[in-house]
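For reference, the structure discussed in these notes is given below.
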Amino acid sequence: MFARIVLQRGRKVEGESPFWISFSDLMSALMVLFLLVMTVTLISVTKDVTSVEQRKIQREKDIQELMATIREQSREFPAVKVDESTYRIDLGDIVHFDSGSAEIGTTGALFLRHYVPVLLNAQASELGQRWIRRIVVEGFTDQDGTYLYNLGLSLDRSKRVVCVLFSPSAPTETALTNTEKHQIRDLFLVGGYSFNSMKISKEASRRVELKIDFWALDEQREASPNLDEKELGQC
């Protein structure tokens with residue numbers, strides 16, 4: 001009379017679904033994570049290296065700009081030769097020495113007091129303040145005499161260049177200002193050289209060169225002592 005209703009239950013699943021991932025899946029996940037970490041690390045390192053390289057390139061550009069400015073300002077002094085690759089300035093035969101002597105003639109002394117402000121102005125510029133560390137005065141000798149004698153003579157010639165800059169000027173000459181003299185005191189370094197860099201002739205060997213030293217990238221700069229009250233003295 002009534003249709004028989006049969007309720008069919010769902011078929012029971014044999015066993016439970018596994019909860020833990022398989023070993024191969026775990027290794028794959030760890031590999032992906034490792035590659036992700038390595039990628040991020042490499043990107044970070046590459047970015048840092050690129051930043052350092054860019055700063056190195058900018059430093060070289062700034063130094064070349066400084067040397068180009070010095071070369072351009074030196075055109076007024078035909079005897080001067082500026083080597084932009086070695087940062088050396090050959091003052092030419094206008095500053096020369098007699099054999100065995102460290103004395104600089106009146107013409108050479110006058111030239112030095114007119115030319116050195118070119119370098120002081122370069123150092124006082126924004127790029128100069130950033131990169132110029134010091135200017136080394138290098139005196140040279142010819143091949144006559146012993147090594148130790150010439151070593152002392154070359155040092156005397158270097159010292160004489162600095163002394164001439166502080167010497168009283170002729171009545172018609174504009175003297176270096178006190179600011180320039182203090183700048184020379186803080187910037188110039190006297191260095192002696194013997195006959196290790198001879199020219200073709202003995203006369204050309206007895207010369208003076210100025211070598212510009214630049215700060216290295218991130219070089220530590222120690223504060224200089226305050227010497228403003230200290231007298232400059234006389235040679």
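The values are calculated or read from the model by the stated rules, or taken from the named source; none is laboratory data. Here the structure is a predicted model, which is why all the values come from computation and not from measurement. Reconstructed Cβ throughout: ideal geometry from the backbone, glycine too, with neighbour counts over all protein chains shown. Surface areas here come from the heavy atoms of the whole protein model, side chains and all, with no ligands, DNA or RNA. Shrake-Rupley method; radii C 1.70, N 1.55, O 1.52, S 1.80 Å.
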key: Additional length obtainable on full extension of the chain from Leu217 to Lys230, 0.36 nm per residue less Cα span   = 1.5 nm
query = Arranged from highest to lowest average of other beta-carbon atoms within 10 Å per residue, in what order do the peptides 166-173, 97-104, 205-212 appear?
reply = 205-212, 97-104, 166-173
key: Contour minus Cα-Cα distance for Glu53 and Asp144 (0.36 nm per residue)   = 28.1 nm
query = What length, rounded to one decimal in nm, is gained on full extension from Ser169 through to Ser201, with 0.36 nm per residue of separation minus their alpha-carbon distance?
reply = 8.3 nm
message = Using each residue's phi in the stretch 143-157, evaluate 6.51 cos²θ - 1.76 cosθ + 1.60 at θ = phi - 60° and report the 3J(HN,Hα) Karplus result to the nearest Hz, with x for Gly and Pro.
response = 8, 6, x, 7, 4, 5, 4, 5, 4, x, 5, 5, 5, 4, 5
key: Per residue, in Å², the accessible surface of the stretch 118-235 once ligands and nucleic acids are set aside, probe 1.4 Å   = 59 Å²
ask   = What area, in nm² and to one decimal, does the C-alpha convex hull of the stretch 138-216 cast on average over all directions?
value = 7.0 nm²
query = Relative contact order of the stretch 119-197: what whole-number percent is it, with Cα pairs under 8 angstrom and at least 6 residues apart?
reply = 49 percent
ask   = Using modelled backbone amide H atoms (1.01 Å from N, in-plane), which distant-in-sequence or interchain residues come within less than 5 Å of Phe214's amide H?
value = Arg133
key: Cα→Cβ-extended label distance, 7 Å offset, between Asp62 and Arg133, nm   = 1.4 nm
